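The values are calculated or read from the model by the stated rules, or taken from the named source; none is laboratory data. Being a predicted model, the structure only gives us computed values, none of them experimental. Counting neighbours? That spans all protein chains shown, and the Cβs are built from the backbone with ideal geometry, glycine included. Ligands, DNA and RNA are stripped out before the accessible areas are found, and what is left, the full protein with its side chains, is counted by its heavy atoms. Shrake-Rupley method; radii C 1.70, N 1.55, O 1.52, S 1.80 Å.
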Amino acid sequence: MVLFLLLPLATMTLSVSPKLLYTTLLEEEVWRAILLSVSSGLWATFFGLLFGVPLAYVLARHRFPGKRIVNGLVDLPVVIPHTAAGIALLSVFGRKFYGGKLFGLLGINFVGAEPGIVIAMMFGSVPFLVNAARDGFMAVDPRMEQVAQSLGASPWKTFLTITLPLARRNILTGAMLMWSRGISEFGAVFILVYHPMVAPVLAWNRFETYGLDYARPVAVLLLIMCILVFLTLKTLGMGKPAPRSRADTP
Amino acid sequence: MIRLDQLSLKIGSFQLEPLDFQFRPGEYFVLLGPTGTGKTSILELIAGIKRPTSGRIWRDATDITDWPSERRNIGFVYQDYLLFPHLTVRENILYGMKLRKVPEAIQRERLQRLAGLLRIEHLLDGHPGRLSGGEQQRTALARALAIEPEILLLDEPLSALDPQTKSHLQQELRQIHQELKTTTLHVTHNFEEALNLADRVGILHHGRLLQVGDPVEVFQQPNCRQVAEFIGMENLFEGTVTHASTSNLEEDCNAVFTTSGAEFVVLTDRHGKAHACIRPEEIILSTDAFDSSAANSFRGTIREVSDKRIISRVVVETPVPLVVYVTRTSRQRMQLKAGQDVNVIFKASAVHVF
């Protein structure tokens, strides 16, 4: 199994000379694509934090009718095929459809434009953030929030000074996961936005037009980028655990 | 002062009966009751964490029933401390004062005073995760006291601690209360805490406050069967412990407990004011005087004999009244009856001093 995972990646990487890698990176089309991937991923993560973290808090703290459905819905994008997700998004945010018309009024266009990349990345990757943040919030004893309130903190102040800092590590890990998952999104992005090309779309484009040899350097660059993100994620996750009260394990 | 006015709560099958109660300024009130009887719910109602089903909560002439928790100025300490793990001990204690925008000079002064009182000065810059249970609970107390609360609510504050830390912290709680005079409501199921700390004690059972009064009085004269069954403390005495001035190691723990009218030989390392309790089944009754290894022996007259299923409860008038349990068979064989003279004998180790 290990070989199965390792061999294709190693073979591909070794078949590309560093020189070729370097010249490929200098191509404007290539570095633009990589930059677009990274920045769109960041935007997707930003909106994920903005809307996903409050949702995660509500899911961790409150009971309401239909909560199980919402929980299931959050996990759904992980299991559906990405091209299906792209088509689904297109049928809401396409120019002729209600979502597209609504945002069109604000001057935001999704098809063939950067906002489309952002929502395509967000759709498939936001579950990672919401789930991680929810777990983080659930690990904070609600009675700790009550103590803060008895000491004079409003619910909002309690959230900012107690709950959020204690769940910070989970949220951060979730955000990194979401970002890296967003960058690697191909199917949904491909359906919504072919141009401008993000890195995975570019790799596919090179493969289609010029064949394997031309697609490989792009794929290797993509791989290196993902490994860098993955390593950052690991170091963050393996850092010193937040000091927890012994009360957590009575 | 806080007053509860027909306060009641119903959650599922649990019901807290309408409760009328008024705290006395500066008192240490211990609410005693078995687990799952609604003690914590009362604290949560006062703190504003739970809303009552009906009834009002008053602070002097102000109705605070609908006030959110953060406006009430009530200190809350849980059994498991719940310190903020991402803040240092100092930041934990300052948390409430900072929110209240207490002037910095006063913040510093209060922090110093509380840290001194609770002996945690050397821990201020550390994080709570590294502290022992006792240290964590001291920090939690300092954090709650720092806001100079209207009332301090303690939810089983000593239950999670080892016996030695528990007894130290218990004495400290008393000293802190004498020093700061903060009105305190302490809930527990432990009689010892009630007897050692309480100015007044209340017995809560199945969501009803059954008896309120001076602790020794409540323990000696339960006003109903449920209270008697719950606390069931016969032969309870208040008095002082004195140690003979021998330096002999073996006799180190040998002491005399003096209560009004009688002296018992006891085994304890405590000094000064204390309570003593002798379990009625550990006292031996005999009609003839006999020599025994037991350190305590008295002669007295039986005042009453009553049967409780297979055992008989015999009250013997020695210098102090002593309750003795014997089996019904023994009572019949010895033909025990009121007015009869008997000997009562018990070992020094049968006297529980606390």
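When you look at residue B:152, is it at pLDDT 95 or above and within 14 Å of chain A (Cβ to nearest Cβ), yes or no? If you could, list the steps in order and put the result at the bottom.
On the way: at pLDDT 95 or above: yes; within 14 Å of chain A (Cβ to nearest Cβ): yes.
So residue B:152 fits the description; yes.
Which of the residues that make up region B:7-43 are surrounded by 20 or more Cβ atoms within 10 Å (Cβ to Cβ) and touching a helix residue (DSSP H, G or I) at 6+ places or on another chain (Cβ under 8 Å)?
Across region B:7-43, the qualifying residues are B:7, B:9, B:16, B:19, B:28, B:30, B:31, B:32, B:33.
Yes or no, residue by residue, for (1) aromatic (Phe, Trp, Tyr); (2) facing chain A (nearest Cβ under 8 Å); (3) in contact with a Lys or Arg (Cβ under 9 Å, 6 or more places away or on another chain); (4) in a helix (DSSP H, G or I):
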position	(1), (2), (3), (4)
B:40	no, no, no, yes
B:58	yes, no, yes, no
B:83	no, yes, yes, no
B:95	yes, yes, yes, yes
B:107	no, no, yes, yes
B:134	no, no, yes, yes
B:141	no, no, no, yes
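Would you be able to say whether some residue in region A:93-103 is open to solvent by less than 50 Å² (accessible area, probe 1.4 Å), free of Cβ contacts under 8 Å to residues at least 24 places away in the same chain, part of a helix (DSSP H, G or I) and within 19 Å of residue A:193 (Cβ to Cβ)?
So far as region A:93-103 goes, yes, one or more of its residues are open to solvent by less than 50 Å² (accessible area, probe 1.4 Å), free of Cβ contacts under 8 Å to residues at least 24 places away in the same chain, part of a helix (DSSP H, G or I) and within 19 Å of residue A:193 (Cβ to Cβ).
Give me the residue from region B:299-323 that is part of a strand (DSSP E or B) and touching a Phe, Trp or Tyr at 6+ places or on another chain (Cβ under 9 Å) and, out of that set, surrounded by the fewest Cβ atoms within 10 Å (Cβ to Cβ). Lay out the reasoning, then the answer.
First, the residues of region B:299-323 that are part of a strand (DSSP E or B): B:299-308, B:311-317, B:321-323.
With the extra rule that they be touching a Phe, Trp or Tyr at 6+ places or on another chain (Cβ under 9 Å), the set shrinks to B:308, B:311-314, B:316, B:322.
Details: B:308: 9, B:311: 17, B:312: 20, B:313: 16, B:314: 27, B:316: 25, B:322: 24.
Selected residue: B:308.
Among (1) within 11 Å of chain A (Cβ to nearest Cβ); (2) touching a residue at least 12 places away in the same chain (Cβ under 8 Å), where does residue B:111 come up short?
(1)
Name the residues in region B:44-83 that are of a type in the set (S, T, N, Q) and either over 30 Å from residue B:132 (Cβ atoms) or open to solvent by less than 20 Å² (accessible area, probe 1.4 Å) (or both), would you?
As a first pass, look at region B:44-83 and keep what is of a type in the set (S, T, N, Q): B:53-54, B:62, B:65, B:69, B:73, B:79.
Of everything in region B:44-83, those that are of a type in the set (S, T, N, Q) and either over 30 Å from residue B:132 (Cβ atoms) or open to solvent by less than 20 Å² (accessible area, probe 1.4 Å) (or both) turn out to be B:53, B:54, B:62, B:65, B:69.
Any idea which of A:117, A:162, A:191 is in a helix (DSSP H, G or I), in contact with a helix residue (DSSP H, G or I) (Cβ under 6 Å, 6 or more places away or on another chain), surrounded by fewer than 22 Cβ atoms within 10 Å (Cβ to Cβ) and aliphatic (A, V, I, L, M)?
A:191
Tell me, please, whether a residue that is without any contact (Cβ under 8 Å) to a residue 24 or more places away in the chain and more than 11 Å from chain A (Cβ to nearest Cβ) can be found in region B:67-74.
yes
Take the conditions within 14 Å of chain A (Cβ to nearest Cβ) and under 30 Å from residue B:13 (Cβ atoms) and apply them to residue B:100. Does it pass?
no
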